[in-house]
1. Quick test of your reading of the structure: F88 fulfils all but one of (1) among the aromatic types (F, W, Y); (2) touching a residue at least 40 places away in the same chain (Cβ under 8 Å); (3) over 30 Å from A284 (Cα atoms). Name the failing condition by number.
2. Would you mention how many residues in region 240-275 are buried (at least 16 other Cβ atoms within 10 Å of the Cβ), of a type outside the set (D, E) and part of a helix (DSSP H, G or I)?
3. Among the numbered conditions (1) closer than 30 Å to E173 by Cα; (2) more than 18 Å from the chain's Cα centre (by Cα), tell me where G74 comes up short.
4. Only one residue in A220, A203 is over 20 Å from L281 (Cβ atoms), open to solvent by 50 Å² or more (accessible area, probe 1.4 Å) and of a type in the set (A, V, I, L, M, F, W, C). Which one?
5. Output the number of residues of region 317-338 satisfying the condition of being farther than 16 Å from C195 by Cα, surrounded by fewer than 20 Cβ atoms within 10 Å (Cβ to Cβ) and either basic (K, R) or at pLDDT 65 or above (or both).
6. Specify the residue that is most open to solvent (accessible area, probe 1.4 Å); the eligible residues are those in region 98-132 that are in contact with a strand residue (DSSP E or B) (Cβ under 9 Å, 6 or more places away or on another chain) and over 22 Å from E156 (Cα atoms).
7. Consider only pairs whose beta carbons are under 6 Å apart and that are at least six residues apart or on different chains; among these, list those whose first residue lies in region 255-282 and is hydroxyl-bearing (S, T, Y) and whose second residue is not in a helix (DSSP H, G or I).
Amino acid sequence: MTCRLPIPLTAHILVVRSLPGLGDLLCAVPALRSLRSAYPFAKITWLGLPGTEWFSQRFNYLIDHWLPFPGFPGIPEGWQSPQKTVEFLGQIQGQHYDLVLQLHGNGSSINSFLVLLGARQQAGFYLPGQFCPEPRYFLPYPQRGSEADRLLRLMEFLGLPEQRPELEFPLSEDEHEAGLQLLKSHNLSLGQYICLHPGANSADRRWSIDGFTRVAQSLANQGYRIVLTGTDSERGLTAQICAAVGAASLDFAGCTALGELAVVLQQAALLICNDTGISHLGAALKVSSVVVFSNSEVERWAPSNSASGKGLEQGRHRTVDSRQTGAATAWAVLAQARSLLNAQSQLLPEVCYAR
C-alpha cells in the first residue's frame, strides 16, 4: 500500500495524543511504529500532557522531541489558561509542521485545536456529522476494536505500513539490573511470586479490596509469594491486603520506579490487576495476567496482544463481571489464575481478563 499523505520523507510531524494514562500512551506505540516505518527520516514530535516526558525519552527511537500540551477549551486534561494556549499557538504556527497527526480520540473536542496549529496538512479521526478538517485524510472514528487496533486502523487508512498491535516497553540495562537487585534483596525468584495491583485512577474502576484479599490468600496458600504494587497514594489499599495475607506478602507500593516495576512484573508468574495502565504494561512485557473490569469497555481496553472469547475454556481472553457478589467474582478470578499458572510451560503466555 502506498502512503496517501502529501508530505516529504523528511517531514516535520506533530503527533497529538494529550492523554494522561500509562495505557493511553502504550496503546499508541504500534501506530508510532507504523509512522516511523513510513518516515524513517522524519522529525516526529509528540504533543503530550505535562508529566509524560518519560514517554518520548523511553521511546526515543520512535519520537524525536516532546512538547507540553497547553490546554484547550472542551478538553479536560491539561487546561492552564487562555493566555498559555494563545501563546503556544503563536509559537507552534511558526514551526510550519508538514503534518499534524491526531491520535487523541474521536476528534470531537480536539479537531478545532488541530487546525489552529497551522500545519500544512492534518490527518486523524472525526465523528460523522461533526467538524472534519480534511475528509481525504480523516477517518470516521472506529466504534469497535481495541485501542491499539483503532489507532492502527488510521495508519492503514493513510496507507502507512501494516503493524501488529502488540505493545512494547524497552528497559535500559540499569533498570534491568536495579529491578533484579530489588528482587534479590527480597529473595524473590523467577516465577515464584504473583503481583497484585489493586489500585486504579478512579474508584469506579477498582475491584473490591475484599476480592483481591480472597484471591491473594488463596494463592499464598498454594505456595506463591504475593507482591503488592501501586503508587504511593495507593499504599492504603495494598497495606490492607498485606495485613490479611501476612508473611507471604510484600508491599512494593510507592517503592519502585517505573523501570523497576517493569522488571518485577517481567519476572512474576502472574499479574492480577484492575483495568488500568499496569495491565497494558504487563501485556507489553508478555506477562500472563488476569485483568478485572468494573466500569470500562473490555473490547477497547483489554490489552491488545490477546484474543477475545468470553466463556472459551481455551481462550486467552476470559471475562468475569466484577459487579457480581464478591465471592463469585473472586472464585472466577481464582479459576482463571490457576488455569494460567498451570499453563506456564506453554511457549506463549496467556493473558486473561475478569470483568
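1. All conditions are met except number (2).
2. Qualifying residue count, region 240-275: 13.
3. Every condition holds for G74 apart from (1).
4. A203
5. Result for region 317-338: 5.
6. Across region 98-132, the extreme among qualifying residues is V115.
7. Close Cβ pairs satisfying both conditions: T276/A200; S279/C273; S279/V291; S279/P303.
The values are calculated or read from the model by the stated rules, or taken from the named source; none is laboratory data. What you see is a predicted model; the values in this text were computed from it and never measured. Note: ideal-geometry Cβ built from the backbone for every residue, glycine included; neighbour counts use all protein chains shown. What goes into the accessible areas is simple: the full protein's heavy atoms, side chains included, and nothing from ligands, DNA or RNA. Shrake-Rupley method; radii C 1.70, N 1.55, O 1.52, S 1.80 Å.
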